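Enquirer: Below are the structure tokens for one structure; questions will follow.
The values are calculated or read from the model by the stated rules, or taken from the named source; none is laboratory data. Since we're looking at a predicted model, the values are computed, not measured. Positions of Cβ are generated from backbone atoms using ideal geometry, with glycine treated the same way; all protein chains shown enter the neighbour counts.
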Amino acid sequence: MDIELIEIRDFLASHPPFDALPEETLTALPKSLTVRYLRRGSSFPPEDESTPALYILRRGAIELRERGGDLIGKLAEGDTAPSACNDRRVQRNIIGTVSEDSLIYLLPCELLGRLRAEHSDFAAHFDQSVSERLRNAIDLVKERGNLSSTSLMTVRVRDLIGEHLVSTTPDTSIEQAARIMSEARCSSLVIMEDHQLRGLLTVRDLRDRCLAAGLSPQRPVSEIMTQRLHTTTADTLGFQTLITMSRLNVHHLPVLRDGQVVGVISTSDLVRFQSANAVYLVGDIHKAEDLKTLVVTAQKISELQIHLVASGATGDQVGQAITAVTDAINQRLLELAERELGPPPMPYCWMVGGSQARREQSVHSDQDNALLLAEAPTPEQDRYFQSLATLVTNGLNDCGFVHCPGDVMASNSKWRQPLAAWRHYFSDWIERPQPQALLNASVFFDLRALHDPEHLFSTLQREVLRKTSENRIFIAHMAANAIKHRPPLGFFRNFVLIRGGDHDQTFDLKLRGTVPIIDMARVHALSAGIPDVNSLERLQMVAGSAALSRDGAANLIDALEFIGTLRVRHQANQLRAGVDADNFLSPDSLSALERGHMKDAFTLIASLQETLGQRYQAGRFA
């Protein structure tokens, strides 16, 4: 075989969808291709090409635009151009320009049709839309973990609970309730009245509220049952229920189906499916009596991420689990600080920002936090909160959540303010959106109350969301800021990779991948006055609105899940190798198929950035 044909075959074999063809088909294919050279600035497809064909870019770069001039994609080495083989309208509606001298292969439509008919995996590449390919890619990434049919990532709560509901009424005696639990061999008892859930009795309630308190076992169970209950549903994934338990630090949740109680899920039901368990880490954290114990427990977070990735967890699931652990550490540090300093001199709210607020943390996360005080403090009161903030932020740093490089922490007096000052801050940022205000937006417009017994935060949040939803100029500035971080479309080409330094020949999965989506989700949520701060939840809430179609939201969700999952997988691989986790991925570590899916994700992001910019005329504020 001619060496040039061998080189073409090897090239095709390294790029989807041709890598799905059998070897004998690949070997014969180069003889059927036509080779063309296109000069920079020429039109694409070539005007003198009369026979419709699939174009395969061997070398160079091509920009594709709609008739209106909007950029819809960029082609680089290994990409195939939209084909007119099935629909001549594709060729009429897309205008291409060769932006670099390019070498292309032409595959005749007749041959393309035969290949699609004979090879289903090859055909799927053309039969599926970009968004469909991306959704399939998420499944493939998860399958690279040891995901089994009994994984918490796939099993529903309904499959983990018994068929028989064990219950009694509020007037049942404690002694009789204990006997029912013993006979049923269960650790909890549902308390029902008139077919309504009234409470839950656990073994811990019997121990702490009856035996330890010296209460007569003849008293009604209503006196010791837990009445303020959180619940889950029968269709909820086991993993999500695990995260809910971790966040709430509870070990039992009543399970509802169509609003009716059908059982109780416990950590014991979940533990056999999950060895590195966030619930038990959280339990250990809440029992920790000093910082040293917290530091030791926090060291298990890396192991948790490794295990979750190996089990097939997505980026969102890893983020939810690790944030639950971080929240618990943060809360325990506050409790230990109050124990050391004494009761606070006034009500306060400890707010977390950034990835912790969004519940999107990984092992590679720093800390962002602030204090909201009920009123302006006296100098003595401020010294208390300064000490409290210093103890907590230093403790978080010791636990691996390093000090914020921008000093956005409650230990900084600028971010330790009364409600009136925070109102002024947000009003100023919204009404006068200067560059610094836009930098603050990524942290302070993603806030969540972690400790707030007097509900100070909800008052502030309502006022802020009302102002953002009413101020179109502010939203336009935010939109302009959100589209500054462009995805590296064709990142596998050298000119878009980081050059030199510690991260030579890599790209930043966070800055160039997830951040653009997070920024767009924030703009849409603030514009609509939506209080959710988790990026997936924000996109789900605005889906189908005037600002973002259902398909657009679904595409951003899929892109975030795909890139985020690759990111946590990359970090898990580094942790296994004993290397500090980061966000810098070499494209050489991805398969040709994964590189293709990454290109799909970046294409979707870029397209929706263009849409966002046009909607808010963001170019005026760039």
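Enquirer: Which residue is modelled with the lowest pLDDT, if the candidates are limited to the stretch 231-254 and must be within 20 Å of Gln317 (Cβ to Cβ) and over 23 Å from the mean Cα position of the chain (by Cα)?
Expert: In this case the residue turns out to be Val250.
Enquirer: Might you check whether a residue that is under 30 Å from His195 (Cβ atoms) and in a helix (DSSP H, G or I) occurs anywhere in the stretch 291-298?
Expert: Within the stretch 291-298, not a single residue is under 30 Å from His195 (Cβ atoms) and in a helix (DSSP H, G or I).
Let's see how each residue does on (1) crowded, with 21+ Cβ neighbours inside 10 Å; (2) polar (S, T, N, Q); (3) under 26 Å from Asn583 (Cα atoms):
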position	(1), (2), (3)
Pro516	yes, no, yes
Val523	yes, no, yes
Ser527	yes, yes, no
Ser535	yes, yes, yes
Leu539	yes, no, yes
Gly544	no, no, no
Leu556	yes, no, yes
Ala559	yes, no, yes
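Enquirer: Here's something else I'd like to know. Please name all residue pairs, on different chains or six or more residues apart, with Cβ atoms under 7 Å, provided the first residue is in the stretch 562-579 and is free of Cβ contacts under 8 Å to residues at least 40 places away in the same chain and the second residue is among the aliphatic types (A, V, I, L, M) and surrounded by fewer than 24 Cβ atoms within 10 Å (Cβ to Cβ).
Expert: Gln574/Ala581
Enquirer: Return the residues of the stretch 168-210 that are hydroxyl-bearing (Ser, Thr, Tyr), within 19 Å of Gln260 (Cβ to Cβ) and buried (at least 17 other Cβ atoms within 10 Å of the Cβ); say none if nothing qualifies. Reasoning before the result, please.
Expert: In the first step, residues of the stretch 168-210 are kept if they are hydroxyl-bearing (Ser, Thr, Tyr); the result is 168-169, 172-173, 182, 187-188, 202.
Those still in the list that are within 19 Å of Gln260 (Cβ to Cβ) too: 168-169, 188.
Those that are hydroxyl-bearing (Ser, Thr, Tyr), within 19 Å of Gln260 (Cβ to Cβ) and buried (at least 17 other Cβ atoms within 10 Å of the Cβ): Thr168, Ser188.
Enquirer: Could you pull out the residue among Leu211, Leu201, Leu248, Leu229 that is of a type in the set (A, V, I, L, M, F, W, C), out of contact with any Gly (no Cβ under 9 Å at 6 or more places or on another chain) and in contact (Cβ under 8 Å) with a residue 24 or more places away in the chain?
Expert: Sole residue among the options that is of a type in the set (A, V, I, L, M, F, W, C), out of contact with any Gly (no Cβ under 9 Å at 6 or more places or on another chain) and in contact (Cβ under 8 Å) with a residue 24 or more places away in the chain: Leu201.
Enquirer: Take the residues of the stretch 506-527 that are among the hydrophobic types (A, V, I, L, M, F, W, C) and under 14 Å from Leu612 (Cα atoms): which is farthest from the chain's Cα centre (by Cα)? Before you say what the answer is, go through the steps one by one.
Expert: Going through the stretch 506-527, the residues among the hydrophobic types (A, V, I, L, M, F, W, C) turn out to be 507, 509, 511, 515, 517-518, 520-521, 523, 525-526.
With under 14 Å from Leu612 (Cα atoms) added as a condition, the list becomes 517-518, 520-521, 523, 525-526.
Numbers: Ile517: 10, Ile518: 9, Met520: 13, Ala521: 11, Val523: 16, Ala525: 16, Leu526: 18 Å.
Looking at residues that are among the hydrophobic types (A, V, I, L, M, F, W, C) and under 14 Å from Leu612 (Cα atoms), I get Leu526.
Enquirer: Does Val363 satisfy the criteria of being in contact with a Ser or Thr (Cβ under 9 Å, 6 or more places away or on another chain) and not small (Gly, Ala, Ser)?
Expert: Judged against the criteria, Val363 is a match.
Enquirer: Which one of Val402, Val363, Val408 is exposed (fewer than 15 other Cβ atoms within 10 Å of the Cβ) and not in a helix (DSSP H, G or I)?
Expert: From the options Val402, Val363, Val408, the qualifying one is Val402.
Enquirer: Go through the stretch 102-117 and give me each residue that's assigned to a helix (DSSP H, G or I) and in contact (Cβ under 8 Å) with a residue 40 or more places away in the chain.
Expert: Cys109, Leu111, Leu112, Leu115 - these are the residues of the stretch 102-117 that are assigned to a helix (DSSP H, G or I) and in contact (Cβ under 8 Å) with a residue 40 or more places away in the chain.
Enquirer: In addition: Name the residues in the stretch 187-239 that are assigned to a strand (DSSP E or B) and touching a His at 6+ places or on another chain (Cβ under 8 Å), would you? Steps first, answer last, please.
Expert: As a first pass, look at the stretch 187-239 and keep what is assigned to a strand (DSSP E or B): 188-193, 196-202, 220, 226, 232-233, 237.
If the condition is that a residue be assigned to a strand (DSSP E or B) and touching a His at 6+ places or on another chain (Cβ under 8 Å), then Ser188, Leu200, Thr202 are the ones that fit.
Enquirer: Within the group Leu456, Leu419, Leu465, which residue is in contact with a strand residue (DSSP E or B) (Cβ under 6 Å, 6 or more places away or on another chain) and either within 30 Å of Arg247 (Cβ to Cβ) or hydrophobic (A, V, I, L, M, F, W, C) (or both)?
Expert: After applying the criteria, what remains is Leu456.
Enquirer: So, one more: Would you check if Leu460 is more than 16 Å from Ala374 (Cβ to Cβ), under 26 Å from the mean Cα position of the chain (by Cα) and not assigned by TED's automatic domain parsing to the domain that holds Ile530?
Expert: no
Enquirer: Looking at Ile473 and the list (1) part of a helix (DSSP H, G or I); (2) out of contact with any helix residue (DSSP H, G or I) (no Cβ under 6 Å at 6 or more places or on another chain); (3) in contact (Cβ under 8 Å) with a residue 60 or more places away in the chain; (4) not aromatic (Phe, Trp, Tyr), which single condition is not satisfied?
Expert: It is condition (3) that Ile473 fails.
Enquirer: Sticking with this one: Here is a check on your reading of the model: is Pro22 at pLDDT 90 or above, closer than 19 Å to Glu118 by Cα, in the same structural domain as Asp121 (by TED's automatic domain parsing) and exposed (fewer than 12 other Cβ atoms within 10 Å of the Cβ)? Give the derivation first.
Expert: On the way: at pLDDT 90 or above: yes; closer than 19 Å to Glu118 by Cα: yes; in the same structural domain as Asp121 (by TED's automatic domain parsing): yes; exposed (fewer than 12 other Cβ atoms within 10 Å of the Cβ): yes.
Yes; evaluated as a whole, the condition is true for this residue.
Enquirer: Further question: Suppose we filter the stretch 314-358 for residues that are part of a helix (DSSP H, G or I) and at negative phi; how many remain?
Expert: Final tally of qualifying residues: 31.
Enquirer: Under 25 Å from Glu360 (Cβ atoms), modelled with pLDDT under 95, of a type outside the set (Phe, Trp, Tyr) and not in a helix (DSSP H, G or I): does that describe Val443?
Expert: No, not satisfied.
So that you can scan it fast, the table gives a plain yes or no per residue for (1) outside the structural domain of Asn573 (by TED's automatic domain parsing); (2) closer than 18 Å to Ile243 by Cβ; (3) buried (at least 23 other Cβ atoms within 10 Å of the Cβ):
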residue	(1), (2), (3)
Asp284	yes, yes, no
Lys287	yes, no, no
Ala324	yes, yes, yes
Cys349	yes, no, yes
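Enquirer: Additional query: If the requirement is being buried (at least 19 other Cβ atoms within 10 Å of the Cβ), polar (S, T, N, Q) and modelled with pLDDT under 90, which of these qualifies: Thr603, Thr565?
Expert: Thr603
Enquirer: Would the stretch 377-395 turn up any residue that is out of contact with any helix residue (DSSP H, G or I) (no Cβ under 9 Å at 6 or more places or on another chain), acidic (Asp, Glu) and not in a loop (DSSP other than H, G, I, E, B)?
Expert: Within the stretch 377-395, one or more residues are out of contact with any helix residue (DSSP H, G or I) (no Cβ under 9 Å at 6 or more places or on another chain), acidic (Asp, Glu) and not in a loop (DSSP other than H, G, I, E, B).
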